[in-house]
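The structure appears right after this line, and notes come after that.
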There are 2 protein chains.
Amino acid sequence: MIRVLLADDEGMIRSALAALLRLEPDIDVVAECSDGAAAVADAERLTPDVCLLDLEMPRLDGVEVTEKLNRTTATRCVIVTRHARPGVLRRALASGAAGFLPKSRSADEVAAVIRRVAAGGRYVDPEIAADALSDERSPLTDRELDVLRAGRRGETTGQIARTLSLAPGTVRNHISAVLGKLAVDSRQQAVLLAEERGWI
Amino acid sequence: MIRVLLADDEGMIRSALAALLRLEPDIDVVAECSDGAAAVADAERLTPDVCLLDLEMPRLDGVEVTEKLNRTTATRCVIVTRHARPGVLRRALASGAAGFLPKSRSADEVAAVIRRVAAGGRYVDPEIAADALSDERSPLTDRELDVLRAGRRGETTGQIARTLSLAPGTVRNHISAVLGKLAVDSRQQAVLLAEERGWI
DNA sequence: TTACGGCCATGACACATGTCACGGGTGGGG
DNA sequence: CCCCACCCGTGACATGTGTCATGGCCGTAA
């Protein structure tokens, strides 16, 4: 019997997947969580065989949960997301995820992926994997990404500078570099593009 | 037998709901669509009893689909959304929707809502309905919303002015009014807040 | 009719932002 | 070692942005 933990902040899809998985004779859903912190707590307590983690969750996202669990448990993690971009896949694999499945796929495939991962295998959505090979790596430097992240909700230059302990001029400099590299002409567009590509 | 059309751009939740609904003895899923335009076409061809429509979809969103179908068919529409805010509910009901269900609810409730709506009743999520009574109506004027919409991706003032055929100064003025009313200090924050509340 | 309040539009001004040129520091190859 | 790339910081300048006072338009109430 494969013991599975489910984590997704959207109740409807979480309960729907749980109901479908419970119909499978060899799968047992042992926990349902609505945020990343709860997923970590339950996974450490119940040590399920597989964790099916949504990427976008409050408190801790799927990648952060995977990193934590890989340090403390033997659970294998599958990351599920609606924004399936090469950059996202890259981050997911770097965190130690054993599976990657976009939400555009049918729910039927979930059980198959869980079985495969539980058996020690890996699963990566073939389309996204193909895209990832056509290197869409971020041209941005680490610090530039920091600045972009710190300003992703429209924070002012001064606020960004304070949270990163930088001079305002430096912040503007980094942002200017980002705008040039991404060929856009406002912070907001840069943030949207970077989120789109999974660089943030 | 209640004949149901399902529309959601996320394949996983669409197929999961379809599978669960097919388990119900009195419900028949006659169509699954991944965008609003397909939903309109299929609904007019198949005349299902109930349409379960996601709000966020490509081409036409759930509200627009509901408006169209209410003019041409007798189908009753239920709108499902992850961003369940009073403003969104208001728009949904104004379009003639017979039901409103946030995705935070469990999938079990979907069948019950469908039965209720098919029987001629209405269903509105009680929590959101209560919030909607504590009038969270948009304080923004029509033109201000236009400007906000036109600039929601970080477009520059000049671009907004061109798309709306306005002088740049006018655009800045409207934005200034918006920032004051929403008590924020950048366009991006205003856009995020307005989207959050369902005003855009 | 006049007066009033709303929405819309405009231009002038102050300030924040993006751009550019520059220099110091650090770490990793040739 | 030098060279190079990257990071951090500064300051001056052009441009974009937010604020304000102002006026036109329209519907409503006195």
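The values are calculated or read from the model by the stated rules, or taken from the named source; none is laboratory data. In this text, all values refer to a predicted model and were calculated from it rather than measured experimentally. Cβ atoms come from the backbone with ideal geometry, glycine included; neighbour counts cover every protein chain shown. All accessible areas refer to the heavy atoms of the entire protein, side chains included, with ligands and DNA or RNA removed. Shrake-Rupley method; radii C 1.70, N 1.55, O 1.52, S 1.80 Å.
The table for this structure:
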| quantity | calculated |
| --- | --- |
| Qualifying residue in region B:143-152 (condition: surrounded by fewer than 17 Cβ atoms within 10 Å (Cβ to Cβ), in a helix (DSSP H, G or I) and near DNA strand C (Cβ under 8 Å from one of its atoms)) | yes |
| Of all residues in region A:156-167 being open to solvent by less than 70 Å² (accessible area, probe 1.4 Å) and part of a helix (DSSP H, G or I), the one that is farthest from the other protein chains (Cβ to nearest Cβ) | A:164 |
| Some residue of region A:64-83 being among the hydroxyl-bearing types (Ser, Thr, Tyr) and at positive phi | no |
| Failed condition for residue B:130, given (1) surrounded by fewer than 17 Cβ atoms within 10 Å (Cβ to Cβ); (2) within 14 Å of chain A (Cβ to nearest Cβ); (3) at pLDDT below 90 | (2) |
| Condition met for residue B:170 (more than 14 Å from every other protein chain (Cβ to nearest Cβ) and more than 9 Å from DNA strand D (Cβ to nearest atom)) | no |
| Filter result (among the hydroxyl-bearing types (Ser, Thr, Tyr) and more than 16 Å from DNA strand C (Cβ to nearest atom)) within region B:96-142 | B:104, B:106, B:123, B:134 |
| Considering residues of region A:179-189 that are near DNA strand C (Cβ under 8 Å from one of its atoms) and closer than 14 Å to residue A:152 by Cβ only, the residue farthest from the chain's Cα centre (by Cα) | A:186 |
| Condition met for residue B:48 (more than 11 Å from the chain's Cα centre (by Cα), over 15 Å from residue B:113 (Cα atoms), away from every other protein chain (no Cβ under 11 Å) and modelled with pLDDT under 95) | no |
| Residue within region B:104-123 that is open to solvent by less than 20 Å² (accessible area, probe 1.4 Å), aliphatic (A, V, I, L, M) and outside any helix (DSSP H, G or I) present | yes |
| Lone unmet requirement of (1) farther than 25 Å from residue A:106 by Cα; (2) in a strand (DSSP E or B) for residue B:3 | (1) |
| Strands (runs of 3 or more DSSP E) within region B:9-98 that include 3 or more residues open to solvent by 60 Å² or more (accessible area, probe 1.4 Å) and of a type in the set (Ser, Thr, Tyr) | none |
| Number of positions in region B:170-192 that are open to solvent by 50 Å² or more (accessible area, probe 1.4 Å) and within 10 Å of residue B:148 (Cβ to Cβ) | 1 |
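Each row is one residue, and each column tells you yes or no for (1) under 14 Å from the mean Cα position of the chain (by Cα); (2) within 14 Å of another protein chain (Cβ to nearest Cβ); (3) away from DNA strand D (no atom under 16 Å from the Cβ).
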| site | (1), (2), (3) |
| --- | --- |
| A:82 | yes, yes, yes |
| A:97 | yes, no, yes |
| A:108 | no, yes, yes |
| A:123 | no, no, yes |
| A:140 | no, no, no |
| A:154 | no, yes, no |
